[in-house]
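Just so it is clear, none of the values below were taken in a lab; they were calculated from the coordinates. Remember, predicted model here, so these are calculated numbers, not experimental data. Please note: Cβ atoms are built from the backbone with ideal geometry, for glycine as well, and neighbour counts cover all protein chains shown.
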Amino acid sequence: DQQVKQNSPSLSVQEGRISILNCDYTNSMFDYFLWYKKYPAEGPTFLISISSIKDKNEDGRFTVFLNKSAKHLSLHIVPSQPGDSAVYFCAASARAAGNKLTFGGGTRVLVKP
Amino acid sequence: GAVVSQHPSRVICKSGTSVKIECRSLDFQATTMFWYRQFPKQSLMLMATSNEGSKATYEQGVEKDKFLINHASLTLSTLTVTSAHPEDSSFYICSAIRAGLYEQYFGPGTRLTVT
């Protein structure tokens with residue numbers, strides 16, 4: 001049972017345009033959400049997070065939106081840069097359950113120059 | 001920043017031997033560390049949660065006698081794959097949580113190949 005899903009396995013976007021990555025979850029106990037960027041044979045790099053008490057968090061080119069009623073979150077990257085090409089993982093945790101992360105399947109992003 | 005290191009980055013061992021992987025938080029104290037496993041083109045799967053000074057908590061389906069975890073200090077956790085078999089070949093990644101925060105910071109991973 002996949003509690004965190006990223007339905008788009010890949011995304012291709014032109015440099016300078018917006019990248020929108022989507023993530024859906026089913027467990028209503030999740031109250032903290034994170035996005036990670038990962039290159040092959042490396043560990044994930046933390047990008048941005050959002051608590052369930054917020055609906056938006058922004059950090060530079062990265063913005064995460066949370067729609068609790070729809071159990072949906074998205075990551076916007078604008079403007080996209082070639083260096084953003086990587087696999088992006090959405091992750092969710094329930095702080096009452098010890099902050100264990102449940103990861104989505106990942107979305108591979110390719111930013112074309 | 002929060003830096004987590006892993007050693008070794010890559011290891012090849014023969015079937016039946018044991019391999020130890022170290023995970024260190026370099027610039028912060030980590031009350032909790034996690035061990036993940038990633039198969040090619042798949043997501044990260046949590047194996048176990050490691051709390052300093054106590055026994056690790058293993059996820060369902062993970063053999064605790066095969067994957068020994070020790071979290072002896074606030075900056076070091078080790079994962080020992082005992083009696084390794086080719087099916088244990090995988091990419092193992094650790095993460096650490098800085099005390100009082102929620103974000104997990106990941107190590108660079110260890111590629112284990114069992115021949």
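Taking other residues whose beta carbon is less than 14 angstrom from the beta carbon of B:Lys41, and scoring Lys, Arg as +1 and Asp, Glu as -1, yields +3.
Between A:Lys38, A:Lys100, A:Lys71, where does the largest GNM mean-square fluctuation fall for chain A, given springs only between Cα atoms within less than 10 Å? Checking each option, the largest mean-square fluctuation is seen for A:Lys100.
Give me the dipole magnitude in Debye, nearest 20, for chain A about the Cα centre, with unit charges on the beta carbon: positive for Lys and Arg, negative for Asp and Glu.
Numbers: 13 positive and 9 negative charges, 12 e Å.
In debye, rounded to 20, chain A gives about 60.
Net charge within 14 Å of A:Lys54 by Cβ-Cβ distance, Lys/Arg positive one each and Asp/Glu negative one each, not counting A:Lys54 itself? Overall, the nearby charge balance is -2. Extension gain for B:Lys14-B:Ala99 works out to 26.8 nm (0.36 nm per residue, less the C-alpha to C-alpha distance).
Our coupling estimate for the stretch A:28-37, obtained by passing each phi through the Karplus curve with A = 6.51, B = -1.76, C = 1.60 and θ = phi - 60°, is 6, 7, 4, 9, 8, 10, 9, 10, 10, 10 Hz, Gly and Pro reported as x.
Here the Karplus relation 6.51 cos²θ - 1.76 cosθ + 1.60, evaluated at θ = phi - 60°, turns the backbone of the stretch B:92-100 into coupling constants of 9, 10, 10, 9, 9, 10, 6, 3, x Hz, with x for every Gly and Pro. For the stretch B:20-87, GluC sites (Glu not before Pro) meeting the loop criterion (DSSP other than H, G, I, E, B) and having at most 11 other Cβ atoms within 10 Å: B:Glu63.
Could you work out the local net charge near B:Gly16, counting Lys and Arg as +1, Asp and Glu as -1, over the other residues with Cβ closer than 14 Å to its Cβ? Charge balance in the 14 Å sphere: 0.
For chain B, the Kirkwood estimate of the hydrodynamic radius, built from every pair of different alpha carbons, is 14.0 Å.
For chain B, what's the relative contact order in percent, using C-alpha pairs closer than 8 Å and at least 6 residues apart? Once divided by the residue count of chain B, the mean separation gives 37 percent. Each residue of the stretch B:103-115 was assigned a 3J(HN,Hα) from its phi angle through the Karplus expression (A = 6.51, B = -1.76, C = 1.60, θ = phi - 60°), giving 6, 8, 10, 9, x, x, x, 10, 8, 9, 10, 10, 9 Hz with x at Gly and Pro. Charged side chains reduced to their Cβ positions (Lys and Arg at +1, Asp and Glu at -1) give the stretch B:15-115 a dipole of some 80 debye around its Cα centre. The count of lysine pairs in chain B with alpha-carbon distances below 17 Å, taking only pairs 8 or more places apart or on different chains, stands at 5. Taking Cα centre as origin and charging only the Cβ of basic (Lys, Arg, +1) and acidic (Asp, Glu, -1) residues, the dipole magnitude of the protein assembly as shown rounds to 240 debye.
Considering only alpha-carbon pairs that sit under 8 angstrom and 6 or more positions apart, the relative contact order computed for chain A is 36 percent. Would you grab the residues whose amide H sits under 5 Å from the one on B:Thr32? Only those 5+ places off in sequence or on another chain, please, with H modelled 1.01 Å from N. Long-range HN contacts for B:Thr32: B:Ile97.
Close amide H contacts of A:Arg17 (hydrogens built in the peptide plane, cut-off under 5 Å, sequence separation of 5 or more or a different chain): A:Ser80.
Extension gain for the segment A:Lys56 to A:Met29, taken as residue separation times 0.36 nm less the Cα-Cα distance, is 7.8 nm to one decimal.
Backbone amide hydrogens, once placed in the peptide plane, bring B:Val62 within less than 5 Å of nothing, excluding anything fewer than 5 places away on its chain. Convex hull volume of the C-alpha atoms in the protein assembly as shown, normalised per residue: 122 Å³.
Inter-label distance, B:Glu63 to B:Thr113: 2.4 nm, where each label sits 7 Å from its Cα along the C-beta direction. Its Cα gyration tensor gives chain A an equivalent ellipsoid. The semi-axes, each the square root of 5 times an eigenvalue, are 23, 15, 12 Å from largest down.
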